[in-house]
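What follows is a short report on a single structure.
The numbers here are math on the coordinates, done by the rules we state, and not lab data. All figures in this text were calculated on a predicted structure; none of them were measured in a lab. With ideal geometry, Cβ positions are generated from the backbone for all residues, glycine too; neighbour counts draw on all protein chains shown.
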Amino acid sequence: MKDLVDEDIREAPAAYGATGRSPDPNIDFRRVSNLAVFFKRHALVLTTEVKPGDADNLIQWQAGDIVVFGPPNEHIGIISDRRRRDGVPLLIHNAGPWATENDSLLSWPSKITCHFRFIHE
């Protein structure tokens, strides 16, 4: 993924704002804002609405999907293949000190701003 993000920043620097003007391949691929731009450009954009117990809504949330949370606590995670009893998927993410899989999708202190499905061929 790092190589893909670095390449996209080189090819479309204007899309990345300040990062595009002064890229740093040591960190750019780990910044939530850069990843959100990358996925908006190269992934399927999906709903950000999660409705517990609503099968039609929850089927749109598949294992491996990427979720971005906005300010004030920008964060990124991956949808798990495990779900709560009401169908809401668990979230795989690193909120320190290590990566975890837990019930944070609806309780993260920031709003879900993006939901992507990335299929790289």
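Miscellaneous remarks
- Charged neighbours of Ile9, selected by a Cβ distance under 15 Å, balance to 0 (K, R count +1; D, E count -1).
- The lysines whose alpha-carbon is closer than 27 Å to the alpha-carbon of Lys51, local same-chain residues fewer than 8 away aside, are Lys40, Lys111.
- Restriction of the trypsin sites (Lys or Arg not before Pro) in region 48-121 to DSSP coil positions whose beta-carbon has at most 15 other beta-carbons within 10 angstrom yields Arg84, Arg85, Lys111.
- Point-to-point label distance, Thr100-Ile59, nm (Cα→Cβ direction, 7 Å offset): 3.3 nm
- Net charge of Cβ neighbours under 12 Å - reference Arg82; Lys, Arg +1; Asp, Glu -1: 0
- Near Pro25, once Lys and Arg are set to +1 and Asp and Glu to -1 for all other residues with Cβ below 13 Å from its Cβ, the sum equals -2.
- For region 23-54, the list of chymotrypsin sites (Phe, Trp or Tyr not before Pro) that fall in a loop by DSSP and count at most 16 other C-beta atoms within 10 angstrom is empty.
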